[in-house]
Amino acid sequence: MSREFDEIENHDSFRATFDFRGFLFKLLSLWKTLMLCVGFALLTAYFINDRKQNIYSLDSLISVGNEKNPFFTANTSISFNWGGVSGKVGEIITEIKTRNHNETVVDSLQYYMEYLQEGKYRKNDIYTKAPFEFEIDKTKGQMLNVPIGVRFLGSNTFEIFLEFENATAQVQFYNDKAKTYAEVPVGAFSKTYAIGEPIHLPFLNGVLKLRNGFEIQPDTVYFLKFLNFDTVVNQYKNAINIEPYSKTSSSVLKLSLRGTNKSKIVDFLNATSAILSSTELKRKNLYATNTIRFIDSSLTAVNTNLKDVVDQMNNFRKQNKVFNIDEEMTQISERLKEFDAVKQEEQSKLNYLNSLQDYLHTKTNYTNIAAPTSVGIEESNILASVSKITALAIQRQNLEYTTKEGNVLFKDLDRRIDAEKNVLLETVDATKSIISLQLNTINRNIANAESKLRGLPEDQQNYLKIRRKLDISQEAYDVYMAKRSEAAIVKAANVSDITVIDEAKDIGGGLIGPNKSLNYMLALMIGFLLPILVILIIFLLDTTIHSSEDVTQLSKIPILGLLGKYKHDNNLIVYENPKSVVAESFRAIRSSLQFVFKKEDGNSDGKTLLITSSVSGEGKTFCSVNMATVYALTGKKTILLGLDLRKPKIFDDFDITNDKGVVNYLIGDDSLENITHQTNIENLSLILSGPIPPNPSELLMSDRMGGLIQQLRKEYDMIVLDTAPLGLVTDALELVQYADASIFMIRLDYTKKGMLQLVNAKHKAGELKNISFVLNFFRYNSNNNYGYGYGYGYGYGVYGNTYHENKAQGFFGKIKKKLGIKS
């Protein structure tokens, strides 16, 4: 039977359908709890909204294009790689998220240093609203992550104060970002300084200066806090967002940033745009810068050579008289000058190609190649190859900011650079061969012309030679100066591909959090729905009977009556307090039993009433004692028979020892007269269970048990059988055959629902006849006792309050009752 009970109890929740009405009334009964949860949730939302810092989001707009230089035209003799790959929008988006770029921005704004002031809940970052600024000595360490107090003592003095718990503190040098540990004094530290006086401490180094337009209030306290540089960079790197402004205009990008200080957001966005524009301009000018550097190095050599030739000419004139050279020799000299000028130009080209060839063989960074047109090389293949190699090298350099070495993108770029480099080297070799042939021809022409001048006197020959060198050197110098000026003008007039369309600015908006309305709405929902969910889970997992409605849903067996919760010293409440509501409830049950007994009026013998329950503690003995009492008080000769042989209790209420009882009779050890006790209640006799036997079920199944019931029927009008719990042992089932009516006690908030399934099964099988339920510990409540319980409980509640003894109500009423004071 125990196994059957367990199976029924475990599977009861699957058999029963969801009681929506019961759940609704459960919620109504707990409305105060729901309101308390909602109030707590709203209060929590209020504190969250009040304590949480405001979050702002600001943005700026930049345009990415390929800006053409207004001074660069088709007539410009030097070709540069204007714009190149730097104009790609994708690379700009990538660069904004690179660590290198954000390190530059953070370092320029010194965002690793915070100016703090004590607020209501925390130290707030006041940034430029601080009346002072601290100039950091980047070559010395600053203590990390610990607020350093600054208290102004007057208009010209301040105090540095803080308290150290350990003898060492971590410091960072912001020039190279190195970190180490410094020794600090343990305990409270304070030191006074004058405004502008250098501070040299193990944990703080720099100069504190006042900002213009601020007044210092004595005893005001601020804090300086230094942060890990890498942590700050990583924070802004992850926080800044860049995206196309619209689908129709992909070249316009929107920069946005979130934070708690709008001024810092504005400065970071604008600094980002400025540094990005400056970086792009430097990259755009890289080709031109390299060309100017190359021309400058060439000019140095030309200038030195020109000075030497001028010195030769001056010395020659001092030592010799001025000569008159005939026209034919002058023409030959001019031709020689032209040959020398061409020779020098070709030699410059050859020198450039040799340098380029050596550079390509020995270097890996191809971003520093000068423009070939700076020495007059117009070979289209060389110009195209140099331009492509430089562009690919810049693209690879940009990729290094965002991609790890070894990535397949690097391999692809290196392959393309090597392929273009091989083509360029072959072109350079071919061009060098051509230039060498041209130089040989020029040298022969020079030799022929010089042979014609050998007829002149030696001093005239030297004069013509020096003059040719002077003219050639001057022309070369003028050409290089013209090219350098041209390159410098074009570079100076160049503009960045990044243009700020709309810079970041604090115009009073930008608040995005906390969303106070949403927080209150979520609090309202959570405060209302979460307890409902908890109540629903408890309701679904609850296997205990709580109301008469639960009983009517689980069983068709009728409810005979309701017993309210009571407080009494013993179980004799009907006898000792006959005007109580509980006593009236027992009388009502007695009246309802008359209809059951009428069906069994086959003979005139006494009636038997069996009272049982599922487990101990449900009020079975309490009901047995009081049912026997109400019958005895009506004048019926009644006997209460204690048949719970395993755990007897009745003897305690009547102050009788349980030395002998029905067990002694059943084993033939004693007579019926000797085990029958007359109680102090008129017409009520009592037979106790006696000593606990080893075989209670076998004794109750014996013939002597049947004979005992038959004899008692003849002697008494009412026989009340107090039996063992039905859900634990089979004793009660053995006694059902002797019962004219049976009561199954259900204690609300205690009895399990599965037990009713056990009773239903026994009743359906015919093992239990004329059985009814009595609900114990019933509390009238319109929210969770409805249907049958509503009418029944309501009648007793109202009627009892007017007919029965008045109970002292409230705290003072209880005191009056204790003291015996009558109202």
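Some notes on this structure:
- 5 angstrom amide H check on Ser742, placed H, neighbours 5+ away: Leu610, Ile771, Ser772
- With 21 Å as the limit on Cα-Cα distance, the pairs of Lys237/Lys516; Lys620/Lys647; Lys579/Lys753 that go past it are Lys237/Lys516; Lys579/Lys753.
- Region 670-745 - percent of accessible surface contributed by carbon and sulfur, probe 1.4 Å: 46 percent
- Rg over Rh, two decimals, region 586-693 (C-alpha only, Kirkwood Rh): 0.97
- The alpha-carbon of Lys225 sits under 16 angstrom from the alpha-carbons of these aspartates and glutamates, leaving out residues fewer than 8 places away in its chain: Asp107, Glu114, Glu118, Asp125, Glu133, Glu135, Asp137, Glu159, Glu163.
- Here the calculated FRET efficiency for Leu36 and Glu133, from their Cβ-Cβ distance with R0 = 41 Å, stands at 0.20, rounded to the nearest 0.05.
- Using θ = phi - 60° and Karplus 6.51 cos²θ - 1.76 cosθ + 1.60, couplings along region 553-559 (whole Hz; Gly, Pro as x): 6, 8, 8, 8, 5, x, 8
- Counting Lys and Arg as +1 and Asp and Glu as -1 over every other residue whose Cβ lies under 13 Å from the Cβ of Pro514, the net charge comes to +3.
- Note on Ser355 and Leu28: their simple-model spin labels are 9.9 nm apart, each label 7 Å out from Cα toward Cβ.
- For Ile55, net neighbour charge (Lys/Arg +1, Asp/Glu -1) across residues whose Cβ lies under 15 Å away: +3
- Ordering His546, His361 by accessible surface, largest first, gives His361, His546; the 1.4 Å probe counts only protein heavy atoms, with every chain in place.
- Taking a sphere under 9 Å around the Cβ of Leu643 and counting the other residues whose Cβ falls inside, with K and R at +1 and D and E at -1, yields a net charge of -3.
- In range of the label at Ala430: residues from region 346-375 whose backbone nitrogen is under 20 Å from the point 7 Å along Cα→Cβ: 349-358, 360-361, 372-373
- Asn54-Asn145 FRET efficiency (beta carbon distance; Förster radius 30 Å; 0.05 resolution): 0.80
- About the centre of its Cα atoms, region 597-700 shows a dipole size close to 360 debye [charges on the beta carbon of Lys, Arg (+1) and Asp, Glu (-1) only; nearest 20 debye].
- Above-threshold pairs, the threshold being 25 Å between Cα atoms, out of Lys284/Lys421; Lys177/Lys411; Lys565/Lys637: Lys177/Lys411; Lys565/Lys637
- By average C-beta atoms within 10 angstrom, highest first, the peptides 469-477, 150-158: 469-477, 150-158
- Members of Lys97/Lys505; Lys120/Lys254; Lys52/Lys129 lying beyond 28 Å, as alpha-carbon distances in this model show: Lys120/Lys254
- Ignoring aspartates and glutamates fewer than eight residues from Lys343 along the same chain, the ones with Cα atoms less than 20 angstrom from its Cα are Asp308, Glu334, Glu378, Glu379, Asp429, Glu450, Asp471, Glu475, Asp478.
- For a paramagnetic label modelled on Ile93 (point 7 Å from Cα along Cα→Cβ), amide N atoms under 14 Å away belong, within region 255-296, to 255-256.
- With the charge dipole of region 612-757 set up from +1 on Lys and Arg Cβ and -1 on Asp and Glu Cβ about the Cα centre, the Cα lying farthest toward the positive end among the listed residues Gly635, Leu688, Ser613 is that of Ser613.
- Estimated FRET transfer efficiency (Asn680, Glu767; beta-carbon r; R0 45 Å; 0.05): 0.75
- Of all accessible heavy-atom area on region 139-187, the percent that carbon and sulfur account for (1.4 Å): 47 percent
- For Ile501, the amide hydrogen comes within under 5 Å of the amide hydrogens of Leu61, Ile62, Ser63, counting only partners 5 or more places away or on other chains and with H modelled in the peptide plane.
- A simple charge model with +1 on the Cβ of Lys and Arg, -1 on the Cβ of Asp and Glu and nothing else charged puts the dipole of region 565-634 at about 180 debye relative to its Cα centre.
The values are calculated or read from the model by the stated rules, or taken from the named source; none is laboratory data. Predicted model only: the values in this text are computed from it and were never measured. For neighbour counting, all protein chains shown are included, and Cβ atoms are generated from backbone atoms with ideal geometry for every residue, glycine included. When the accessible area is computed, the model is the full protein with side chains, heavy atoms only, and any ligands, DNA or RNA have been set aside. Shrake-Rupley method; radii C 1.70, N 1.55, O 1.52, S 1.80 Å.
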